[in-house]
1. If you check every pair at least six apart or on different chains, which have Cβ atoms under 6 Å apart with a residue in the stretch 84-103 that is closer than 13 Å to residue 172 by Cβ first and a residue that is part of a helix (DSSP H, G or I) and modelled with pLDDT under 90 second?
2. Quick check on the stretch 124-153: of everything there that is assigned to a strand (DSSP E or B) and touching a helix residue (DSSP H, G or I) at 6+ places or on another chain (Cβ under 8 Å), which residue is surrounded by the most Cβ atoms within 10 Å (Cβ to Cβ)?
3. So residue 86 fits all but one of (1) outside the structural domain of residue 179 (by TED's automatic domain parsing); (2) touching a strand residue (DSSP E or B) at 6+ places or on another chain (Cβ under 8 Å); what number is the exception?
4. Mind listing just one residue for me: the one in the stretch 14-32 that is more than 10 Å from the ligand (Cβ to nearest atom) and surrounded by 15 or more Cβ atoms within 10 Å (Cβ to Cβ) and, of those, farthest from residue 53 (Cα to Cα)?
5. If you go through the stretch 104-123 one residue at a time, how many are touching a helix residue (DSSP H, G or I) at 6+ places or on another chain (Cβ under 8 Å) and in contact (Cβ under 8 Å) with a residue 60 or more places away in the chain?
6. Of everything in the stretch 77-105, what is crowded, with 17+ Cβ neighbours inside 10 Å and not in a helix (DSSP H, G or I)? Give them in sequence order.
7. Which residues, counting only those in the stretch 162-179, are crowded, with 17+ Cβ neighbours inside 10 Å and touching a residue at least 60 places away in the same chain (Cβ under 8 Å)?
8. Where residues in the stretch 180-192 are in a loop (DSSP other than H, G, I, E, B) and surrounded by fewer than 15 Cβ atoms within 10 Å (Cβ to Cβ), which of them is nearest to the chain's Cα centre (by Cα)?
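The values are calculated or read from the model by the stated rules, or taken from the named source; none is laboratory data. As the structure is a computational prediction, the values presented were derived from the model and not from experiment. Note that we place each Cβ from the backbone using ideal geometry, even for glycine, and neighbour counts take in every protein chain shown.
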Ligand SMILES: [Zn+2]
């Protein structure tokens with residue numbers, strides 16, 4: 001009996017998996033009928049394999065959870081990206097509205113005070129809601145020196161022979177184009193710069209990263 005138990009126990013695992021040959025299966029079943037010990041061992045085996053199945057199921061749910069959180073991460077990144085795009089566009093178009101409302105009128109060196117006044121008056125007559133600043137040649141040079149910072153000494157030679165133009169700078173939220181077309185032929189004007197119709201993205205990148 002003891003020897004038979006040893007043989008049967010070796011076979012029990014395969015038996016509970018249902019992979020035994022017909023002959024071996026019969027032998028095991030015959031033995032189990034008369035041996036309680038081996039029946040108990042078979043029960044334990046079955047219990048074990050049940051637990052194993054459950055563990056497999058738990059693993060399966062873990063994987064699903066993992067996949068789900070991966071999906072959430074992708075959604076999260078998508079939302080961050082979208083917020084970034086929207087914010088970027090708001091910044092770009094605010095900047096554009098700001099800069100598109102400005103105009104720089106560069107003046108010829110030989111312009112008379114009277115001609116400067118005429119230009120100013122013409123502009124003021126068109127738009128009452130306006131910021132207007134006259135920038136003299138000296139002031140333009142000083143600004144450029146400020147921009148150069150440590151390297152301002154490079155501009156020292158220009159004190160006597162100032163290459164910068166005087167200008168009138170305008171800021172208004174309306175009528176930039178009207179102002180431009182009505183003054184462009186006035187005497188003493190060298191060049192008018194506006195930012196209307198420029199690419200808003202190029203303006204933004206230039207002003208924020210390249211200037
Ligand atoms: Zn037995």
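1. Within 6 Å, the pairs are 99/203; 103/176.
2. Per the criteria, the residue is 135.
3. Answer for residue 86: the failing condition is (2).
4. The extreme case among them is 27.
5. Qualifying residue count, the stretch 104-123: 5.
6. Listed by number, the residues that qualify are 101, 103, 105.
7. Answer for the stretch 162-179, where residues must be crowded, with 17+ Cβ neighbours inside 10 Å and touching a residue at least 60 places away in the same chain (Cβ under 8 Å): 166, 167, 168, 170, 172, 176, 179.
8. 184
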